[in-house]
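Chemist: The structure under discussion is supplied below as structure tokens; questions concerning it will follow.
Every number here is computed from the coordinates shown, using simple stated rules; none is lab data. Note that the coordinates shown come from a computational prediction; the quantities given were computed from them, not determined experimentally. Counting neighbours? That spans all protein chains shown, and the Cβs are built from the backbone with ideal geometry, glycine included.
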Amino acid sequence: MNESALSTATQPTQLGLALQRVRAAAEALDLPEALCELLCTPQRQFTVAVPVVLDSREQRVFRAHRVQYNTARGPGKGGIRYHPDVTLDEVTTLACWMTWKCAVVDIPFGGAKGGITCNPREMSPAELERLTKQYAREIAPIIGPYVDVPGPDVYTDAQTMAWFMDAYSTVVGHVEPAVVTGKPIELGGSEGRDEATAMGCVHTIVEAARHLELPLEGATVVVQGYGNAGSIAARLLGERGCRVIAVSDSRGGIYGADGLDPVAVLCHKAETGSVVGFLGSKEITNEELVELECDILVPAALENVITAENAPRLRAKILAEAANGPTMTEADPILADNGVFVIPDILANAGGVTVSYFEWAQNLGRTRWSRREVNERLEAVMKEAFAAVLRTSQEQNVGMRSAAYMLGVGRVAETMQLRGWRP
Ligand code: NAD
């Protein structure tokens, strides 16, 4: 084992934790030590300087990265993040997660991620356009439809992807929509992408409820984070007869024992900037929210919100991780002891990357699928992935998270062995 890859002295906590889970899965699968080392080592890390002329004519140089964690199963896939806290280690951790996520839903992508250390809220649209296009030109040699396919992430969106595609197309000399996903529909984006993460999450909840023989009609739901993933998941669960009793955002949470109308809450948030203050609701804190008694808890905001400290007080039957990394490693055994059924992030939120794969496939095939076709295919992929993880969990007598890692890591390892990637 390459100790330097795992040492907490040289790795940030998130990457160290991600690799602990990979290593545990590799050991459970009895993989050779050398293969485990390769699985725990990022394949390629690319750092570039991105010079940009600001509107003030001042010249700035931004640091940016693109990491292809493992491309054994296909081109790298993962978003591009614009944030002041972006570091190479963070991007590497996110690329690592993408690797197992793509493998769990069995789409032909490896794991990648990109990021620029910048504060997009302080930049004008024109500055962001210049930054995005220069970044695309800098990483053009190492990306491409068959190499590595970026997409949106924190503080990047369909417009960012449109700029990115334009710059890449100029470099290669022809229009190349398949180089990025998450594009505007007019430029080859897919129907259904906006709802894909939430919809995929809801499919896994439906399957979990079926497995647990928990009727969804009247099931109580708590959602932390009321953005893209959280608000749409709340609406879709409401449409399936669930009772959404509490939701929150960064300003706080609201509770209504008789149920909140998810669409009305979203309108309130659009008008006021927050879910807080919704008519007839009681204010609660984000800390209180995760400890509410409910059937289904959906963390859809930040990392590390379920800890060893609050895990003993969690009273949900199903924990569906729409967010990336909401549960700390130490909380897992506590949740298992308390009988909480965990749908781990690399399964629960894989609907987004699945529809990104559909977008890429449509672009390469020069075709378009209807929203209905996209949604039907998404449902099939999510149900199959859930069944595979549940089967692994039952056969190996492990929790759903360990099972998802065993499935994902096992599939990547198998491809590496077949291709002869022996260290
Ligand atoms: P978003 O920015 O649309 O929404 C995030 C929400 O979380 C906002 O309502 C925000 O107010 C809230 N929030 C922020 N800080 C909070 C706090 N301290 N407590 C409670 N709420 C807080 O983001 P999103 O796209 O919905 O992503 C949410 C999570 O889902 C992230 O972890 C993201 O990585 C993950 N995810 C999203 C997608 C996707 O396609 N959108 C795909 C995979 C994973």
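Chemist: Which ordering of 174, 65, 211, 83 is given by a fewest-first count of other beta-carbon atoms within 10 Å?
Modeler: On the way: 174 6, 65 25, 211 14, 83 18.
Ranking 174, 65, 211, 83 by Cβ neighbours within 10 Å, fewest first, gives 174, 211, 83, 65.
Chemist: Exposure proxy check: 77, 133 ranked by fewest other beta carbons within 10 Å?
Modeler: Numbers: 77 29, 133 19.
Fewest to most other Cβ atoms nearby, the residues stand as 133, 77.
Chemist: Now a separate question. So for the chain, averaging the separation of alpha carbon pairs under 8 Å that are six or more residues apart and normalising by length, what relative contact order in percent results? Walk me through the intermediate numbers first.
Modeler: Numbers: 892 pairs, mean separation 67.8, N = 423.
Relative contact order for the chain comes out at 16 percent.
Chemist: Full-extension gain between residue 213 and residue 169, please, as 0.36 nm times their residue separation minus the C-alpha to C-alpha distance.
Modeler: Values: separation 44, 0.36 × 44 = 15.84 nm, distance 5.10 nm.
Going from the current span to full extension adds 10.7 nm.
Chemist: Then there is this: Note down the Stokes-Einstein diffusion coefficient of the range 196-348 in µm²/s, whole number, using a Kirkwood radius over alpha carbon pairs, 20 °C, and 1.002 mPa s.
Modeler: Values: Rh = 14.9 Å.
Answer from the Stokes-Einstein relation: 144 µm²/s.
Chemist: Scan the chain and note any complete DSSP helix (H) whose C-alpha atoms cover at least 18 Å along its axis and whose Kyte-Doolittle average is -0.5 or more.
Modeler: Numbers: long enough: 13-28 (22 Å, 0.25); 88-104 (24 Å, 0.69); 125-139 (21 Å, -0.99); 158-172 (21 Å, 0.60); 193-212 (29 Å, 0.03); 351-364 (20 Å, 0.13); 371-396 (37 Å, -0.74); 400-419 (28 Å, 0.15).
Membrane-span-like by this rule: 13-28, 88-104, 158-172, 193-212, 351-364, 400-419.
Chemist: Could you tell me whether the range 44-179 comes out rounded, prolate or oblate from its Cα gyration tensor? Rule is a ≥ b ≥ c as square roots of the eigenvalues, rounded for a/c under 1.5, then prolate if a/b exceeds b/c, otherwise oblate.
Modeler: Values: a/c = 2.05, a/b = 1.48, b/c = 1.38.
Judged from the Cα gyration tensor, the range 44-179 comes out prolate (a/c at least 1.5, a/b above b/c).
Chemist: Within the set 183/383; 113/133; 77/183, which residue pairs have Cα atoms separated by over 22 Å? All intermediate terms of the calculation are to be shown ahead of the outcome.
Modeler: Values: 183/383 26 Å; 113/133 17 Å; 77/183 14 Å.
Pairs exceeding the cut-off: 183/383.
Chemist: Treating cross-link reach as a plain straight distance, find the lysines whose alpha-carbon is under 26 Å from the alpha-carbon of residue 282, omitting any fewer than eight places away in the same chain.
Modeler: Output for residue 282: 269, 317.
Chemist: I've got another one for you. How high is the relative contact order of the range 142-193, in percent, with contacts defined as C-alpha pairs under 8 Å that are six or more residues apart? Each step should come with its number before you reach the end.
Modeler: Numbers: 62 pairs, mean separation 19.7, N = 52.
Relative CO of the range 142-193 lands at 38 percent.
Chemist: Do the sum for the chain: with -39,500 (n - 2.57) for every DSSP H run of n ≥ 4, divided by all residues, what is the mean residue ellipticity at 222 nm, to the nearest 500 deg cm²/dmol?
Modeler: Numbers: 15 runs with 193 residues, N = 423.
The helix-only estimate for the chain comes to -14500 deg cm²/dmol at 222 nm.
Chemist: Using the Cα centre of the range 196-348 as origin and beta-carbon charges of +1 (Lys, Arg) and -1 (Asp, Glu), tell me which of 294, 268, 221 is placed farthest towards the positive end of the dipole.
Modeler: In the range 196-348, that residue is 268.
Chemist: Expressed in nm to one decimal, what extension gain is obtained for the pair residue 304 and residue 285 from 0.36 nm per residue of sequence separation less their Cα-Cα distance?
Modeler: Extra length from residue 304 to residue 285 when fully extended: 5.2 nm.
Chemist: Any idea what the dipole of the chain comes to, in debye rounded to 20, about its Cα centre with Lys/Arg Cβ at +1 and Asp/Glu Cβ at -1? If you can, show how the numbers build up before the last one.
Modeler: Numbers: 39 positive and 52 negative charges, 219 e Å.
Dipole of the chain, to the nearest 20 debye: 1060 debye.
Chemist: Shifting gears a bit: With no solvent and one equal point scatterer per Cα, compute the Debye intensity ratio I(q)/I(0) for the chain at 0.08, 0.09, 0.11 Å⁻¹ and report its log10, rounded to two decimals.
Modeler: At q = 0.08, 0.09, 0.11 Å⁻¹ the computed log10 ratios are -0.43, -0.54, -0.83.
Chemist: To continue, here is another question. How do 107, 306, 185 rank when sorted from fewest to most other Cβ atoms within 10 Å of their own Cβ?
Modeler: Working: 107 21, 306 27, 185 12.
In increasing order of surrounding Cβ atoms, one gets 185, 107, 306.
Chemist: I've got another one for you. With a 10 Å radius around each residue's Cβ, average the other Cβ atoms per peptide and rank 43-51, 246-254, highest first. Kindly include the intermediate steps, with their values, before the conclusion.
Modeler: Values: 43-51: 15.7, 246-254: 22.4.
In descending order of packing, they fall as 246-254, 43-51.
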